[in-house]
Amino acid sequence: MTVATSLLPAPAQHGPWVAFTLRLIREKPLGAIGGALFVLFFFCGLFADVISPYGMNETNLLERLQAPSFSHWFGTDHLGRDVLSRVLVGAQLSMLVGFLAAGLATLVSIVLGVASGYFGGKVDMLIQRFVDAWMIFPDLLLLIAVISVVGAGIPQIVIVLGLLYGIAGSRIVRGSVIGVKENMHTHAARSMGARTMHILIRHILPNIMPVVIVLFTTRVGATILTEAGLSFLGLGIPPPAPTWGGMLSGTGRTYMYLGPWLALAPGLCLTIVVYAINVYGDALRDLLDPRMRGSR
Amino acid sequence: MSEPLLRVEDLCVSFRTDSGIVRAVDCVSLHVNQGETLAIVGESGSGKSVTALSIMGLVGDSGKINQGRILFDGVDLVALRESAMRKIRGNRIAMIFQEPMSSLNPVLTIGKQVAEPIWLHRKKSWTQAYAEAAELLAKVRIPDARSRLDDYPHHFSGGMRQRVMIAMALACQPKLIIADEPTTALDVTVQAQILALLKDLTRETNAALILITHDLGVVARYADRVAVMYGGRIAETASAADLYANPRHPYTVGLMRSIPSLTSDAGSRLYAIRGQPPDLANLPTGCAFAPRCEWAKDICLRSPPSL
């Protein structure tokens, strides 16, 4: 225990963020590459409107189904729309859904997990049985059921995905809260006359941050993938919005032999983003968890 | 004599466990006067720490105070509501734990942690609390205190962390400080420094100190009075000088004899009290120490003999 606490990420003299990034690059190069790729996609998504060479729904029937070239890096689709532009806007949508849903999921996980882990007893029992019951349903089934009732759209998808992953993830938060709760410094805080809320926010939450950060990053990947799955099934964000999943199932599948780039572009983007964020999340977990230090 | 600062009367605390109800503290009565140092001595599981936690109102969910009163400054802490108790904890009664390595929050800076009780209880602004934290660190003789406010606990050694814990305990100038084995986890050389510091600072503020320990050497040097605990009960209470000159309870005698001495012959075996500490889930009906006592008589097995 004493060894573990003394090995927690040490905010060094020249700023904790810089020091941490340097450590990430040094100790987990693959994770750093993943992080860099993800940041690249993030900014592509953020500035999609500025950097797309064409409008996402700008048709040009004279240039339909063109292979990748200098004027159209990723080629064009059956209506002559520039695939690169559409992929970029797709990145924006994916990031939007990914971050919002993962953010909501993390929030739900924290609230449920902290309540369950810290208060224990009946509260824990009640919340955990609810989580058990919730987890019986397969994710996609639940999603499809809800979306078919309330209709497709970004807010619905974000809320459903957030709840779905948040409730499941509360288990992980609960586990680490139980660990921190028994730490001496939590008792010390109570002996100083701190309120429960104060202890939760100041003494429990900062100590489970490594877990929360990792939970968030992996959830971003998972929600992006699930959203793509939904769009592929036609239940995601409705067209003409160019989601990656929608591009795959629409033009990608129909014109697979005539223009394989139509499926390759969104497919590869999806693969790379999800892989990158998962590798990055793994690296973060290894670096932030003192027990994992020294093992690569 | 005036009313003591803290008077514990007939305190019984039990814990529900898988092996039945454990009577961790069994009808304990003791008192501490203002400015006095009371040592509570006993082996592991004798109820010292539970007594301390009861005074703080921190026995937890599985523990229960079955009977007794804890009068602090005339107020019964057992009957007090949690919100009122919170105003006393860290403010008028402070506690120092035995593990300085884990008693500090690893992700908060030292300054923030020391300033916390001041901010919580004195309702001062955060900047002011922070400034006072620096003074407190200087008071516990941490060199270059101001520059160390932004350090994290892992930058400190065990002894330094215990100094920080003492600073936190002293922050609101409590009337009573409970130190639960404050030096157990420390180097022998640091132990004396920490205890001397604690003693000095309590004398300065005229605070009472309850020193929980199993080190009789510590007791001899720093305590005014001693309560020896065994099996959840107080075996005997005496002034420190009396206890050493004239121990009355056989357990105390056994403890004294177990201390290695510099003058004993080389190669001679150390004395040890025979047998095992009692199982608190089913204590013997008579004297808890009787099964291990050299002088036990039949009557001891039926009812605890008076001293």
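The values are calculated or read from the model by the stated rules, or taken from the named source; none is laboratory data. For clarity, every value in this text was computed on a predicted model and none was experimentally measured. Glycine also receives a Cβ, built like all others from the backbone with ideal geometry; neighbour counts cover every protein chain displayed.
Of the residues B:Ala131, B:Ala115, which is over 22 Å from B:Glu181 (Cβ atoms) and at pLDDT 90 or above?
Matching residue, one of B:Ala131, B:Ala115: B:Ala115.
Conditions first: (1) more than 14 Å from chain A (Cβ to nearest Cβ); (2) crowded, with 21+ Cβ neighbours inside 10 Å; (3) more than 30 Å from B:Asp215 (Cα to Cα). B:Arg146 passes all but one, so which condition is the exception?
Answer for B:Arg146: the failing condition is (2).
Identify, from the list A:Arg219, A:Arg174, the residue that is within 17 Å of the chain's Cα centre (by Cα) and in contact (Cβ under 8 Å) with a residue 40 or more places away in the chain.
The conditions single out A:Arg219.
Tell me which residues, restricted to the stretch B:85-140, are touching a residue at least 12 places away in the same chain (Cβ under 8 Å), farther than 28 Å from B:Gly60 by Cα and among the acidic types (Asp, Glu).
Hit for the stretch B:85-140 is B:Glu132, nothing else.
I need the full set of residues from the stretch B:116-158 which are assigned to a helix (DSSP H, G or I), more than 30 Å from B:Thr189 (Cα to Cα) and small (Gly, Ala, Ser), in order please.
If the condition is that a residue be assigned to a helix (DSSP H, G or I), more than 30 Å from B:Thr189 (Cα to Cα) and small (Gly, Ala, Ser), then B:Ala129, B:Ala131 are the ones that fit.
Of all residues in the stretch B:57-66, count the ones that are within 14 Å of chain A (Cβ to nearest Cβ) and among the aliphatic types (A, V, I, L, M).
Looking only at that region, the number is 2.
Name the one entry in A:Arg202, A:Arg219 that is more than 14 Å from chain B (Cβ to nearest Cβ), among the basic types (Lys, Arg) and either crowded, with 18+ Cβ neighbours inside 10 Å or at negative phi (or both).
On inspection, the qualifying residue turns out to be A:Arg219.
Taking the stretch B:121-137 as the region of interest, how many residues are surrounded by 13 or more Cβ atoms within 10 Å (Cβ to Cβ) and closer than 22 Å to B:Ala84 by Cα?
Count: 3.
Let me confirm something: among B:Ala79, B:Ala94, which residue is more than 7 Å from chain A (Cβ to nearest Cβ), outside any helix (DSSP H, G or I) and modelled with pLDDT of 90 or more?
Residue meeting the stated conditions: B:Ala94.
Return only the number of the condition from (1) more than 20 Å from B:Ala171 (Cβ to Cβ); (2) within 13 Å of chain A (Cβ to nearest Cβ); (3) not aliphatic (A, V, I, L, M); (4) not in a loop (DSSP other than H, G, I, E, B) that B:Arg69 does not satisfy.
(2)
Just checking, does the stretch B:234-248 include any residue being crowded, with 21+ Cβ neighbours inside 10 Å, within 15 Å of the chain's Cα centre (by Cα) and under 30 Å from B:Ala94 (Cβ atoms)?
yes
Which of the residues spanning the stretch B:82-91 are more than 8 Å from every other protein chain (Cβ to nearest Cβ) and either under 19 Å from B:Ile212 (Cβ atoms) or surrounded by 23 or more Cβ atoms within 10 Å (Cβ to Cβ) (or both)?
Passing the criteria: none in range.
Among the candidates A:Asn207, A:Asn183, A:Asn278, single out the residue that is out of contact with any Gly (no Cβ under 9 Å at 6 or more places or on another chain), surrounded by 18 or more Cβ atoms within 10 Å (Cβ to Cβ) and not hydrophobic (A, V, I, L, M, F, W, C).
Result: A:Asn183 is the single residue among A:Asn207, A:Asn183, A:Asn278 that is out of contact with any Gly (no Cβ under 9 Å at 6 or more places or on another chain), surrounded by 18 or more Cβ atoms within 10 Å (Cβ to Cβ) and not hydrophobic (A, V, I, L, M, F, W, C).
Quick one: which residue in A:Ile213, A:Ile144 is within 14 Å of another protein chain (Cβ to nearest Cβ), within 30 Å of A:Thr243 (Cβ to Cβ) and either out of contact with any helix residue (DSSP H, G or I) (no Cβ under 6 Å at 6 or more places or on another chain) or not charged (D, E, K, R) (or both)?
Being within 14 Å of another protein chain (Cβ to nearest Cβ), within 30 Å of A:Thr243 (Cβ to Cβ) and either out of contact with any helix residue (DSSP H, G or I) (no Cβ under 6 Å at 6 or more places or on another chain) or not charged (D, E, K, R) (or both) holds for just one of A:Ile213, A:Ile144, which is A:Ile213.
Please go through the stretch A:52-65 and give me each residue that is of a type in the set (S, T, N, Q) and in contact (Cβ under 8 Å) with a residue 60 or more places away in the chain, ordered by number.
The answer is A:Asn57, and nothing else.
Determine whether A:Pro68 is away from chain B (no Cβ under 14 Å) and either closer than 30 Å to A:His198 by Cα or in contact with a helix residue (DSSP H, G or I) (Cβ under 8 Å, 6 or more places away or on another chain) (or both).
When the stated conditions are applied, A:Pro68 passes them.
Counting only residues that are polar (S, T, N, Q) and closer than 30 Å to B:Ile259 by Cα, give me the strands (runs of 3 or more DSSP E) lying completely in the stretch B:1-43 with at least 1 of them.
Result: B:20-32, B:37-41.
Condition first: within 14 Å of another protein chain (Cβ to nearest Cβ) and assigned to a helix (DSSP H, G or I). Now tell me which residues in the stretch A:120-136 satisfy that.
A:Gly121, A:Lys122, A:Val123, A:Asp124, A:Met125 - these are the residues of the stretch A:120-136 that are within 14 Å of another protein chain (Cβ to nearest Cβ) and assigned to a helix (DSSP H, G or I).
Could you please let me know if B:Lys112 is farther than 26 Å from B:Ile210 by Cα, facing another protein chain (nearest Cβ under 9 Å) and surrounded by fewer than 24 Cβ atoms within 10 Å (Cβ to Cβ)?
The answer is yes for B:Lys112.
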